[in-house]
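Engineer: After the structure tokens below, expect a handful of questions from me.
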Amino acid sequence: MMIKSFLEYLRFERNYSDKTIVSYGTDLKQFEDFFKKEVENELDFVKVDADIVRAWMVYLMDEEKLTATSVNRKLSSLRAFYRFLLKKKLVVVNPLLRVVAPKKKKSLPTFLKEEEMERLLDDSSFSEEFESFRDRMILEMFYSTGIRLSELLGLNDSDVDFSAMQVKVTGKRNKQRIVPFGAGLAQNLQRYVKIRNEALPEGVKAFFVLKDGERMNAGKVYGIVKRNLSRVVSLKKKSPHVLRHTFATSMLNNQAELRAVKELLGHESLAATEIYTHTTFEEL
């Protein structure tokens, strides 16, 4: 019942996505299964203490072989849950206050160098045919704006303002922000719209679409990015997020203000953006 109330709070009051809510629910159910099976079947969330949480951490890392990153994510779910219980006065003590999370190894974001991106976008294999030109524009859109995969998929024609040269994107937790773009991208996007509309004369609502006019899906875009990045780099990661990292790193390498990059990326805190300052040093 406590878990159900918490998940409803996330959905209706905090406006969390379905995916995030499912993830929180899974983590909390796993923790409940653990203490009922390994500690005491009659135990409940109100009676849980720090030692039980620590035992769960050990179990996750030793038995389940989870990384510190995965364990920290589950602890984050548990912390949010107990903050909710405290707020509702369902518990009097947060058992996680005395729990130290396992240290995780920090890895720098994977990114492409500017010359690699230029080589990719100038590749003569891209043609004026609808799908080929669309694929190129997806790559350029990620690189020139730094938007997330979900944000690109959600774009509609009405979100792209060519007169003001800016795009309105809907990010995490349905937060909207405005991202400006340059004249070069504006010209190419207008060319894409012309080619798309000629190929699909019935008209579409979504900005990036499949050849049948339906909105692009995550798997298709991921495949486009991976296939094209494979032609210019040998990086292990070849995802849309790599192009987002590339955008941020390129901005900082060209003397952009850290706070400006934070706003463009839609980060909640400056700490999330500061990791890109390390990639600029790595490139130097």
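Engineer: Straight-line reach from Lys88: which aspartates and glutamates have Cα under 19 Å away, leaving out those fewer than 8 places along the same chain?
Structural biologist: Glu8, Glu13, Asp44, Asp49
Engineer: So how far apart, in nm, are the two label points at Asp212 and Ser150 if each is 7 Å from Cα heading toward Cβ?
Structural biologist: 2.6
Engineer: Further question: When the accessible area of segment 158-234 is computed with all protein chains present and a 1.4 Å probe, what percentage of it is carbon and sulfur?
Structural biologist: Numbers: 2100 of 4440 Å².
Here carbon and sulfur together make up 47 percent of the probe-accessible area.
Engineer: Right, another one. From Cα pairs below 8 angstrom and at least 6 apart in sequence, can you work out the relative contact order of the chain, rounded to a whole percent? Intermediate results must be reported in sequence, preceding the final value.
Structural biologist: On the way: 293 pairs, mean separation 50.6, N = 284.
Relative contact order of the chain: 18 percent.
Engineer: Tyr222 to Met165: extension gain in nm, 0.36 nm per residue of separation minus the Cα-Cα distance?
Structural biologist: Between Tyr222 and Met165, full extension yields 17.9 nm more.
Engineer: Normalised by the residues of segment 14-168, what does the relative contact order come to in percent, with Cα pairs under 8 Å and at least six apart?
Structural biologist: Details: 75 pairs, mean separation 23.7, N = 155.
Relative contact order comes out at 15 percent.
Engineer: Under 20 Å from a label point 7 Å along Cα→Cβ of Ser230: give me every residue in segment 138-158 with its amide N that close.
Structural biologist: Only 138-140 fall inside the zone, counting backbone N under 20 Å.
Engineer: In addition: Enter the accessible area per residue of the chain (Å², integer; probe 1.4 Å; all protein chains in place).
Structural biologist: 56
Engineer: Distance cut-off 23 Å, Cα to Cα: go down the list Lys103/Lys262; Lys168/Lys236; Lys113/Lys237; Lys47/Lys87 and report the pairs above it.
Structural biologist: Lys103/Lys262; Lys168/Lys236
Engineer: Can you work out the FRET efficiency for the pair Glu114 and Arg14, with r the C-beta to C-beta distance and R0 = 41 Å, to the nearest 0.05? Walk me through the numbers before you get to the answer.
Structural biologist: On the way: r = 39 Å, r/R0 = 0.94.
Working from the Cβ atoms, E equals 0.60.
Engineer: Here's a follow-up. What list of ³J(HN,Hα) couplings, whole Hz, do you get for segment 125-130 from phi and the Karplus terms 6.51, -1.76, 1.60, once you set θ to phi - 60° and write x for glycine and proline?
Structural biologist: Karplus values, whole Hz, x for Gly and Pro: 6, 6, 10, 7, 5, 3.
The values are calculated or read from the model by the stated rules, or taken from the named source; none is laboratory data. No experiment lies behind these values; they were computed from the predicted model shown. Every residue, glycine among them, receives a Cβ derived from its backbone with ideal geometry; neighbour counts consider all protein chains shown. We work out accessible area using only protein heavy atoms, side chains counted, and drop any ligands, DNA or RNA first. Shrake-Rupley method; radii C 1.70, N 1.55, O 1.52, S 1.80 Å.
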